[in-house]
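For reference, the structure discussed in these notes is given below.
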Amino acid sequence: TAPDFYEGYFHLGVAYDQLHRLEEAEVAFRKAIAVSGEKYPQAFIALGSLLNSPQRAAEAEALVRRGLALDGSLRQGHYEMGRALVALNRLEEAEKSLGELLKLRTDYAPTYLLLANVHIRMRNQTALLGDLNKFLRLEPDGPQSPQAKKLRDTIVQSMENAKNAPAAPPKP
């Protein structure tokens, strides 16, 4: 790679990531950020994605936030921000970030699964049901679809049971 060719370091990081050579990917993404003068948003988001785990969610959030500040139209950035915020249990912020992603792209099924996770934690069954239905419309036979169908059926049954339950007697 040319010493100042930040896109080359970025693509090297992508290659290392695909080969599951994560430490080398991290070094390459950090080099892309540095060589670009911290002006290459994709490198911030790729590094944030690489680090986006419960243990490093705060670091991932900071990196992705910097990438989105440079280019707010990067769909992967909004998704990764949502992931980091869920891991940090900042659910309203995660919901907002994922809403920004949906303004840019409505056909990315993992968005709806992540939103379902948010709405489960918020105990919002109506929104959760909508998330699962949208996910299943986009990915009816995917690896996570059976679990999503089972959860959807459980929610529908729970909502029907609540609707059909007799009213509680008035308190004396």
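Could you grab me the full set of residues in region 23-37 that are surrounded by 13 or more Cβ atoms within 10 Å (Cβ to Cβ) and closer than 23 Å to Arg83 by Cβ? Full working, then the answer.
In the first step, residues of region 23-37 are kept if they are surrounded by 13 or more Cβ atoms within 10 Å (Cβ to Cβ); the result is 24-36.
Across region 23-37, the qualifying residues are Glu24, Ala25, Glu26, Val27, Ala28, Phe29, Arg30, Ala32, Ile33.
Residues that are in contact with a Leu (Cβ under 6 Å, 6 or more places away or on another chain) and farther than 24 Å from Leu114 by Cα: does region 27-39 have at least one? Quick ask: steps written out before the conclusion?
Start the filter on region 27-39 by keeping residues that are in contact with a Leu (Cβ under 6 Å, 6 or more places away or on another chain), which leaves 28-29.
Adding the requirement that they be farther than 24 Å from Leu114 by Cα leaves 28-29.
Yes, region 27-39 contains a residue that is in contact with a Leu (Cβ under 6 Å, 6 or more places away or on another chain) and farther than 24 Å from Leu114 by Cα.
Working carefully through the options Gly82, Gly130, Gly142, find the one that is part of a helix (DSSP H, G or I) and surrounded by fewer than 17 Cβ atoms within 10 Å (Cβ to Cβ). Answer to the check: Gly130. From the list Arg83, Arg21, Arg30, the lone residue that is free of Cβ contacts under 8 Å to residues at least 40 places away in the same chain and under 13 Å from the mean Cα position of the chain (by Cα) is Arg83. Could you tell me how many of the residues in region 138-154 are closer than 19 Å to Thr111 by Cβ and among the β-branched types (Val, Ile, Thr)? Total meeting the criteria: 0. Starting from residues that are in a helix (DSSP H, G or I) and open to solvent by 30 Å² or more (accessible area, probe 1.4 Å), keep the ones in region 11-22 and report whichever is nearest to Gln76 (Cα to Cα). So the residue we want is Val14.
Confirm whether Ile33 is among the β-branched types (Val, Ile, Thr), at pLDDT 95 or above and closer than 19 Å to Ser97 by Cα. Give the derivation first.
Numbers: among the β-branched types (Val, Ile, Thr): yes; at pLDDT 95 or above: yes; closer than 19 Å to Ser97 by Cα: no.
Criteria not met by Ile33.
What number of residues within region 57-68 satisfy the criterion of being surrounded by fewer than 16 Cβ atoms within 10 Å (Cβ to Cβ) and free of Cβ contacts under 8 Å to residues at least 24 places away in the same chain? Selection size over region 57-68: 2.
Within region 85-108, track down each residue that is over 27 Å from Glu59 (Cβ atoms) and either of a type in the set (Lys, Arg) or open to solvent by less than 10 Å² (accessible area, probe 1.4 Å) (or both). Walk me through how you get there before you give the answer.
Initial filter on region 85-108 (over 27 Å from Glu59 (Cβ atoms)): 106-107.
Listed by number, the list is empty, since nothing qualifies.
Filter region 113-127 down to the residues that are open to solvent by less than 60 Å² (accessible area, probe 1.4 Å) and in contact with a Leu (Cβ under 7 Å, 6 or more places away or on another chain), then identify the one that is farthest from Ile45 (Cα to Cα). Per the criteria, the residue is His119. A search for C-beta distances below 9 Å between a residue of region 101-113 that is touching a residue at least 24 places away in the same chain (Cβ under 8 Å) and of a type in the set (Val, Ile, Thr) and any residue that is surrounded by fewer than 17 Cβ atoms within 10 Å (Cβ to Cβ) and not in a helix (DSSP H, G or I), counting only pairs 6+ apart in sequence or on different chains, returns Thr111/Arg105. Restricting attention to region 51-60, does a residue exist that is of a type in the set (Gly, Ala, Ser) and assigned to a loop (DSSP other than H, G, I, E, B)? Yes, there is a match, as at least one residue in region 51-60 is of a type in the set (Gly, Ala, Ser) and assigned to a loop (DSSP other than H, G, I, E, B).
On the given criteria, is Phe5 touching a residue at least 24 places away in the same chain (Cβ under 8 Å), loosely packed, with under 15 Cβ neighbours inside 10 Å and of a type outside the set (Asp, Glu)? Full working, then the answer.
Values: touching a residue at least 24 places away in the same chain (Cβ under 8 Å): yes; loosely packed, with under 15 Cβ neighbours inside 10 Å: yes; of a type outside the set (Asp, Glu): yes.
The answer is yes for Phe5.
Taken over region 38-56, the criterion of being open to solvent by less than 60 Å² (accessible area, probe 1.4 Å) and more than 15 Å from the chain's Cα centre (by Cα) is satisfied by Tyr40, Pro41, Ala43, Phe44.
The values are calculated or read from the model by the stated rules, or taken from the named source; none is laboratory data. Computed from a prediction, not measured in an experiment: that's the story for all the values here. So basically every Cβ, Gly included, is an ideal-geometry build from the backbone, and we count neighbours across all protein chains shown. Note: accessible area is taken over every heavy atom of the protein model, side chains too, but ligands, DNA and RNA are not part of it. Shrake-Rupley method; radii C 1.70, N 1.55, O 1.52, S 1.80 Å.
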